[in-house]
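Scroll down for the structure; my scribbles are underneath it.
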Amino acid sequence: MAPSERRNVHLTLAINDYDHVRDLVDGKVPVEGIDLTCLRFDVEETFFRFAQFREWDVSEFSLAKYCSLRAGGDDSIAAIPVFPSRTFRHSAIFVRPDGPVDDPAALKGGRIGVPEWTQTATVYARGLLEHDHGVDVRGVSWFQGGTNEPGRIEGIALKLPEDISLTAVADRSLDDLLVAGELDALIAAHPPADFLNGSGKIVRMFSDVRAVEEDYFLRTGIFPIMHVVALRRAVLDEHPWVAMNLVTAFTEAKRRSVERALDTNAPRYPVPWGPDSARRAQEIVGDDLWPYGIEANRVTLDAFLGFAHEQGACARRLAVEDLFPPQVAATFRV
């Protein structure tokens with residue numbers, strides 16, 4: 001084929017509507033050699049459809065679900081070190097106001113609800129409860145169900161160790177169970193309804209959650225990664241160069257987004273003191289507010305893999321190098 005007749009590879013991408021991917025999704029940042037058809041869904045729909053049916057070529061995907069698949073020998077998808085969602089998860093632990101507010105150690109031997117065992121937020125939260133506060137995962141009675149709607153199920157097949165107690169609840173929401181006193185706590189990325197509606201029936205376990213999360217980062221170096229970008233293995237096998245080209249484009253889109261967040265001349269977001277908050281965050285996490293790549297995230301990824309294996313979310317202890325194809329493991333230098 002003559003050079004003038006060459007065509008880009010066409011790929012479909014499903015991802016949430018984040019500012020730090022918007023320039024890529026809108027085509028302002030091109031991906032060398034690739035034409036993208038971009039689909040925007042909420043993350044729950046994206047994860048479910050990609051996990052179950054692999055409906056598109058490239059997808060935002062749960063870090064925990066990805067690691068669970070990899071640890072179980074499923075290599076039908078491969079991640080690149082692009083992390084569209086990351087957030088500290090002390091804020092994802094909820095209790096009643098008469099419960100163990102600011103006393104996480106009181107959850108030892110308790111009853112805790114989770115929407116899915118392999119929801120990434122719950123892996124991090126269980127890890128910090130165990131390692132920082134002595135709440136042994138194997139000493140807790142766990143209950144799995146929908147946070148605000150009954151009937152949620154695990155997104156991927158799961159076989160937990162026999163010494164972990166996990167009971168599926170099909171007919172009631174975890175919000176209802178916590179309010180009724182049948183749970184001592186609830187861990188969920190999506191907050192329970194009785195927290196969001198201001199009823200006062202549910203509060204965060206940590207009353208000054210920002211201070212606790214900042215201290216956690218300064219002590220551990222862990223900035224929790226929630227989601228990765230994953231490719232169907234068949235795409236990577238046919239076009240091994242697409243992985244690094246996607247990393248390059250995602251990185252440039254993110255760089256532009258951080259630049260906007262720091263702009264004090266004409267603030268880009270309708271958030272009072274937004275640029276000042278971004279600069280304060282830089283003082284804590286570093287100049288790169290949202291690092292991509294392997295080495296910049298090794299501490300976080302290694303900690304997560306340890307938590308996931310301890311909790312039975314991963315059948316074997318993965319190494320960070322097990323997560324990504326070799327094409328993205330190193331970069332050239334001039």
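The table for this structure:
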{"read-out": "Selection count, segment 212-261, where residues are under 22 Å from D288 (Cα atoms) and in a loop (DSSP other than H, G, I, E, B)", "value": "5"}
{"read-out": "Matching option when the condition is buried (at least 17 other Cβ atoms within 10 Å of the Cβ), of a type outside the set (V, I, T), more than 23 Å from L158 (Cα to Cα) and outside the structural domain of L246 (by TED's automatic domain parsing), among P104, P115, P97, P81", "value": "P104"}
{"read-out": "Qualifying residue in segment 38-52 (condition: assigned to a strand (DSSP E or B), in contact (Cβ under 8 Å) with a residue 12 or more places away in the chain and surrounded by fewer than 19 Cβ atoms within 10 Å (Cβ to Cβ))", "value": "yes"}
{"read-out": "Lone unmet requirement of (1) in contact with a strand residue (DSSP E or B) (Cβ under 6 Å, 6 or more places away or on another chain); (2) free of Cβ contacts under 8 Å to residues at least 24 places away in the same chain for D17", "value": "(1)"}
{"read-out": "Breaking point among (1) at pLDDT 95 or above; (2) closer than 20 Å to A71 by Cβ; (3) surrounded by fewer than 23 Cβ atoms within 10 Å (Cβ to Cβ); (4) of a type in the set (V, I, T), for I156", "value": "(1)"}
{"read-out": "Tally of residues being under 23 Å from L11 (Cβ atoms) and not in a loop (DSSP other than H, G, I, E, B) across segment 54-92", "value": "14"}
{"read-out": "Boolean, P30 is touching a residue at least 12 places away in the same chain (Cβ under 8 Å) and not assigned by TED's automatic domain parsing to the domain that holds G113", "value": "yes"}
{"read-out": "Top-ranked residue in segment 159-171 [being in contact with a helix residue (DSSP H, G or I) (Cβ under 9 Å, 6 or more places away or on another chain) and either in the same structural domain as S68 (by TED's automatic domain parsing) or more than 17 Å from G109 (Cα to Cα) (or both); ranked as modelled with the highest pLDDT]", "value": "V169"}
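The values are calculated or read from the model by the stated rules, or taken from the named source; none is laboratory data. Bear in mind that the values here come from a model prediction, so they are computed numbers and not experimental data. Backbone-built Cβ (ideal geometry, glycine too); neighbour counts: all protein chains shown.
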